[in-house]
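What follows is one structure encoded as C-alpha cells, with my remarks underneath.
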Amino acid sequence: MSDYHEPQEKLSEKARSLTRALNSLKEEVEAVDWYNQRRDVEKDKALQDILKHNMLEEIEHACMTIEWLRRNMEGWDEELETYLFKEEDITDLE
C-alpha cells in the first residue's frame, strides 16, 4: 500500500519529503502511546524505567520532526506559535 494519494511520479520532491516526515511523525506518536501503555501495566520497576526511557526517546523524535515540519511546510509555524507554551485555555487561543 502506498503512502501517496496522488501518483508519486507527479509529486514534487518536496511533497514526497513532507509525506515521509508526516508518516514518521505518526509512527513516533504511535510508539509513544505503545510505550506509555506498556509502562502503565508493567509491574517490574526496572522495566518500567526502560519503557519510560524509550517513550521519552520517541517524544524527542516526534519533536524533531515537528520542528522540521515547522521549517518546511506552510502553516506549521503560525499554528505552533499560536498554541505552544501558552497558559490560556487552548480553545481561547484561536
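No lab work stands behind these numbers, since they all come straight from the coordinates. None of the values given here were measured: they were computed from a predicted structure. In this analysis, Cβ positions are derived from the backbone assuming ideal geometry, glycine residues included, and neighbour counts consider all displayed protein chains.
At a glance:
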item	result
Loop-located chymotrypsin sites (Phe, Trp or Tyr not before Pro) in the chain whose Cβ has at most 13 other Cβ within 10 Å (DSSP)	Y4, F85
Per principal axis, descending, Cα span of the stretch 1-54 in whole Å	51, 18, 10
Reference-scaled alpha-carbon Rg (2.2 N^0.38 Å with N residues) for the chain	1.38
Using a Förster distance of 22 Å, the FRET efficiency for E6-N72 (Cβ separation, nearest 0.05)	0.70
Straight-distance crosslink candidates among aspartates and glutamates, where the alpha carbon sits under 15 Å from K26 and sequence neighbours closer than 8 are dropped	D3, E57, E58, E60, E67
